[in-house]
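Input: a single structure, listed below in structure tokens.
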Amino acid sequence: MISRHTAILAAFVLASAALAQQPQSESLLDPLRWGVVYDVPATKNVKLEADVPYLRDSKGKLAIDVYTPPDLKRGDKRPAVVFLNTIGDAPAPAPKVKSWGIYRTWPRLVAAHGLVGVSMECDSTRVQDCLVTLFDFLEKHGAEHGIDGTRLGVYAASANVTGASEYLFGDKFAPSILAAVLYYGAPPPQTPRRDLPVLFVVAQSDVPRMVNELGQLWPRVIEKQAPWSLVFGSDMPHAFDAFSDTDDARRLVVQAIAFWKSHLDPMPKQPWEPDPARAIVAALFGNDSRKAAQLLEDWVASHPNDKDSFAALGRARAEIGNYRAAGDAYERALALGDASPGTLAGLGMIRAGQQRWKDATDLLERAVAAGADNSLVLGNLGHAQLMLGRNEDGVRSYERALEVGIPPGPQTRGTAYYNLACGYAKLGKADSAFEKLGKAIDEGFGDRRTLEDDSDLASLRADPRFAQLVARFANR
């Protein structure tokens, strides 16, 4: 049975292959005659170096057309965008792909925007070899034609996306390719690269043929943490850049040009030196606690009176499990006058983890009073209060934590309900204790031995409801 993905690829390939086989037509309905729907005045001054050979062997010669910016001076080099042909060229009298309207106007348009545009011939019997040879040629000889062969972008559209994806996400990929724009083609089944920014543009008219594949694409991009931009062309037909004469289509074209330039043009040097404080903030906001802790170690050494930095260091150390050192940093922040809810709560939870219940309770109560009214702080406070025998306070804190919203799960809400039941049992409120124990089991609490042995629940064991609770473990 043919897979849906294979069927989609076949549909794209057959459609483009059919176009490639057609002889040049004078009809205005010939789709090959139409060029890109966006133009700027500078395109008329772009220079064309036609039929530059990039491959010569016993099977023949293959060439590229090179479109250079009007202001390119002799000896200069510019980044280039290669308009990939991976369906190959059919024998004469069928026109070569690089002579199609879209492949003559797109490279001219990028040249008008300061890049070099390259369109190519390709032998359909050895597509991947052609791509390898072309990018090797551009690296070694591109400068002879005004091309910086170390800074290249690519464009692939429709059926060309399939062969382009095989190359771009394969092991023969040229590292000189710094950006790829993939227009209205099948979603690549290959694993995305973290070293290749991709602008993937979907035409709305294509979605019914590949809705499942599109749904699978984005999770793979996120899993790989690849630098992709996914753009949905609302109301766009297939080949919108040639056939949709609308400003919405032109905006997508402009977006592609900006994407190439942002990755291919060198960024101007900024007028400031790198700031270690900015790097620390970036690590903190990037949730890279290990890096933040390392950077903050150096920072506090040279800023020994910066209470905010010690508080940030305490949080970063705690997040990587270095609790003793985190406590030291928080203590230093407090000594410098930091009484913020985050610092009080952070140190309070560390003290709770160290079973320093009095210190934990004092700090967490101060944190709540200062505004740290969240379920994590309140749950830790409730547990510390129960451990000190302050059962009414502990019950009140746990009830508030559940009201604020402890996340579901056996180790979160399940444990909270269990501890709350212990508090109620110690207060002699059996009905409330049994209610909370039932909710604990509902949330997945599964420690039967603790339930049977916990001295906090001693007052409940003679009640028939206790045996009923224990029996629920056997029925799960």
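The values are calculated or read from the model by the stated rules, or taken from the named source; none is laboratory data. Values in this document were obtained by computation on a predicted structure and should not be read as measured data. Please note: Cβ atoms are built from the backbone with ideal geometry, for glycine as well, and neighbour counts cover all protein chains shown.
Remarks
- When Ala301, Ala283, Ala311 are checked against the criterion of being over 24 Å from Ala370 (Cβ atoms), within 30 Å of the chain's Cα centre (by Cα) and either small (Gly, Ala, Ser) or modelled with pLDDT of 95 or more (or both), a single residue qualifies: Ala283.
A quick yes/no check of all residues on (1) out of contact with any Gly (no Cβ under 7 Å at 6 or more places or on another chain); (2) surrounded by 15 or more Cβ atoms within 10 Å (Cβ to Cβ):
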| position | (1), (2) |
| --- | --- |
| Leu364 | no, yes |
| Gly423 | no, yes |
| Lys426 | yes, yes |
| Phe434 | yes, yes |
| Phe445 | no, yes |
| Thr450 | yes, no |
| Asp454 | yes, yes |
| Leu460 | yes, yes |
| Phe466 | yes, yes |
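- Taking region 130-182 as the range and being outside any helix (DSSP H, G or I) and of a type in the set (Asp, Glu) as the test, the residues that pass are Asp148, Asp171.
- Within region 139-147, at least one residue is closer than 25 Å to Gln255 by Cα, touching a Leu at 6+ places or on another chain (Cβ under 8 Å) and in contact (Cβ under 8 Å) with a residue 12 or more places away in the chain.
- A Cβ distance below 9 Å, combined with a sequence gap of six or more or placement on separate chains, defines the contacts here; from region 72-86, residues that are over 27 Å from Arg126 (Cβ atoms) reach no residue that is assigned to a strand (DSSP E or B) and at pLDDT below 95.
- Residue check, Ser340 buried (at least 24 other Cβ atoms within 10 Å of the Cβ) and in contact with a helix residue (DSSP H, G or I) (Cβ under 9 Å, 6 or more places away or on another chain): no
- So Ala50, is it loosely packed, with under 14 Cβ neighbours inside 10 Å, among the hydrophobic types (A, V, I, L, M, F, W, C), without any contact (Cβ under 8 Å) to a residue 60 or more places away in the chain and in a strand (DSSP E or B): yes
- Some residue of region 300-318 being touching a helix residue (DSSP H, G or I) at 6+ places or on another chain (Cβ under 8 Å) and not in a helix (DSSP H, G or I): yes
- Residue in region 119-142 that is within 18 Å of Val36 (Cα to Cα) and either surrounded by fewer than 21 Cβ atoms within 10 Å (Cβ to Cβ) or at pLDDT 95 or above (or both) present: yes
- Residues located in region 314-355, provided they are among the basic types (Lys, Arg) and within 18 Å of Val368 (Cα to Cα): Arg315, Arg351
- Looking at region 347-449, the helices (runs of 4 or more DSSP H) lying wholly inside it that each contain 3 or more residues that are touching a Ser or Thr at 6+ places or on another chain (Cβ under 6 Å) sit at 375-387.
- Residue match in region 176-184 (condition: more than 23 Å from the chain's Cα centre (by Cα) and closer than 19 Å to Val118 by Cβ): no
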